[in-house]
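Heads up, the thing below is written out as structure tokens.
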Amino acid sequence: MSRFYATTPIYYVNDEPHIGHAYTTIVADAVSRWHRLLGEDVKFLTGTDEHGLKIQQAAAAAGLDPKTFADGIAPRFAAAWDSLDISNDDFIRTTEPRHYTAVTELLQRCYDAGDIELDYYRGKYCVRCEAYYTDDELLPVDLCPIHKTPVDVLEEENYFFRLSRFEQRLLDWYEAHPGAIVPEFRGNEALGLIRSGLKDFSVSRTSLTWGVPLPWDAKHVTYVWFDALTNYMSAVGFGATDEASQTAFETWWPADVHFIGKDIIRFHCVYWPAMLMSAGIEPTRRYAVGGWLLVDNEKMSKSTGNVVTPLDMVDTVGVDGLRYYVLADTPYGNDGDFTRDGIIGRYNSDLANNLGNLVSRVATVVGSKCGGIAPAASPDSPLAAAASDAVTAAITAWDEIAPHRGLEATWSLIRATNAYLEANEPWKAEPGPAVDVVLGDAVEALRIVTVLASPAIPATTQRIWERLGLDGLVSDQRVPGDVEWSGAAAGRPVTKGDPLFPRIKP
Ligand code: MSP
């Protein structure tokens, strides 16, 4: 069986989960759910990033030691993901022993390969980014390009990872793996970074205590990226010597996709594959780079004070309303502008009017004209071709990590089915074979829609599945086998139930 290993970034615990974190997590979740439909063995990982100066300072400000502080925040991320129906198989925290083991092993391998060396560093550093910036990256008067706050000048003895040695190897790897970064324009951004010349980066500091010590020089603690990126391997047993962990690592590595935001492209698409090459480990296969969800055209953050929490929106449009919006509204890779009007507009048009209306019409008319039992679909229905086009387009789109296109294909089948019902007006006709054919076709199209939409709106599609009288879980269906035009719902009792998506007043 083929396997699929997908990850989200691990989120810093100095912040509460907000809609920006939820965005990347929902996309990764939906794509992972799609791969489960394909019958693949899926591992979907998320977690929290708990080391470093930023966390140490946030903990101090809260009057807590860093571990106690992190212990308080990490469960809030886990709870937020539970409440958004995120189907992660594991949750990694960088303070776990399994992560220390993995980081130690990776550091040692890169050191043994001669790619980590002691040197001096003086530079301009943004604590909130946990990154040094060069003069041309800073905004005028030495402000951090992300936070627009002054940077600090630091000088210290550091170990450096010799990234500059990897320029050609990285270019060769990307050339040999076309499409490794999606969408393509984000790939060009990463190649641009590599071609413009790579500088060695610091991997350790002596002034820091909150992190993993270097195995060969314990006065140094590794920080931020060397620590954080390794989480993707810690979760699948890297560095552990027991047999189960070794088998896990062989099974799951290299990861299939890292879902990331555009702000961390350099670290994931340049640093990380170079670190792995140095250690003799195969790099991750693909990177899916998302834009930002902007609120009032600003990146959401605590400092700008424009934070929207997932729960704010769930109260209005429900979990599936929020999931659908972030998946369908913005092509993955672009920035999206998050507005209350936008989310309610999408909800009313796509969920209440199109999908909700189709479900309720079908159930009502099957009830009134077909004795509540789904009739058989006709093999040469005009909807059969629409369904097969939708399936083909959805498969391609999800494979290209373009959920908005996958959902567009699915909604085209919803619209075709609504149009088919309107053209035939079965509600006006006398019960009989002609009405049965129309409703049999509509039920079958809806069954296929339900499977195709399930990665985006898992809870609602399960309810539709049950209303169509179908057994088991929609998430146990398989693409493409179970989305062929077959009439699998024929003969089943169809029930009406409450509106799935009550309209919201704009
Ligand atoms: N801890 C690092 C990542 C380490 S991964 C090995 C980090 N954490 S973060 O919490 O600041 O942000 C992580 C990710 O959250 C971003 O890359 C991005 O994917 C997502 N987002 C945070 N704010 C966002 C928006 N406003 N919009 C979309 N995504 C954003 O960086």
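Here are some notes:
- Diffusion constant of the chain at 10 °C, which comes from Stokes-Einstein with the Kirkwood Cα-pair radius and 1.306 mPa s, µm²/s: 65 µm²/s
- C-alpha long axis of helix 357-369 to longest principal axis of the chain, angle in °: 30 degrees
- Eigen-decomposition of the gyration tensor built on the alpha-carbon atoms of region 306-410 gives equivalent ellipsoid semi-axes of 31, 21, 9 angstrom, largest listed first.
- For the chain, the longest principal axis of the alpha carbon atoms and the long axis of helix 382-399 meet at an angle near 10°.
- Region 340-483, relative contact order in percent, only Cα pairs under 8 angstrom and at least six apart counted: 28 percent
- Using alpha-carbon coordinates, inclination of helix 97-112 to the longest axis of the chain, degrees: 50 degrees
- Packing here is the average count of other Cβ atoms within 10 Å per residue, and on that basis the peptides 167-174, 48-55, highest first, run 48-55, 167-174.
- Distance between region 230-254 and region 53-70 - C-alpha centres, whole angstrom: 30 Å
- Charged side chains reduced to their Cβ positions (Lys and Arg at +1, Asp and Glu at -1) give region 66-147 a dipole of some 360 debye around its Cα centre.
- Over the chain: helical MRE at 222 nm, DSSP H runs n ≥ 4 each giving -39500 (n - 2.57), nearest 500: -14000 deg cm²/dmol
- Convex hull volume of region 340-483 per residue (C-alpha atoms, cubic angstrom): 107 Å³
- Size descriptor for region 98-206, Kirkwood hydrodynamic radius: 16.1 Å (Cα pairs only, one decimal).
- The chain: relative contact order in percent, alpha carbon pairs under 8 Å with at least 6 residues between: 16 percent
- More than 21 angstrom apart: percent of Cα pairs within region 1-86: 38 percent
- Partner lysines whose Cα lies under 25 Å from the Cα of Lys124, excluding those fewer than 8 positions away in the same chain, are identified as Lys54, Lys148, Lys199, Lys219, Lys262, Lys299, Lys302.
- Qualifying aspartates and glutamates (Cα of each under 13 Å from Cα of Lys496; at least 8 residues distant if same chain): Glu466
- Region 263-368: projected area of the alpha-carbon convex hull, averaged over directions, in nm²: 10.3 nm²
- Counting other Cβ atoms within 10 Å as a rough exposure proxy, the listed residues Glu444, Glu156 run Glu156, Glu444 from fewest neighbours to most.
- Ratio of the Cα radius of gyration of region 186-307 to 2.2 N^0.38 Å, where N counts its residues: 1.24
Computed from the coordinates by the stated procedures, all read-outs in this text should not be read as laboratory data. The structure presented is a predicted model; accordingly, all values stated were derived computationally and were not measured. We place every Cβ from the backbone using ideal geometry, glycine too, and count neighbours over all the protein chains shown.
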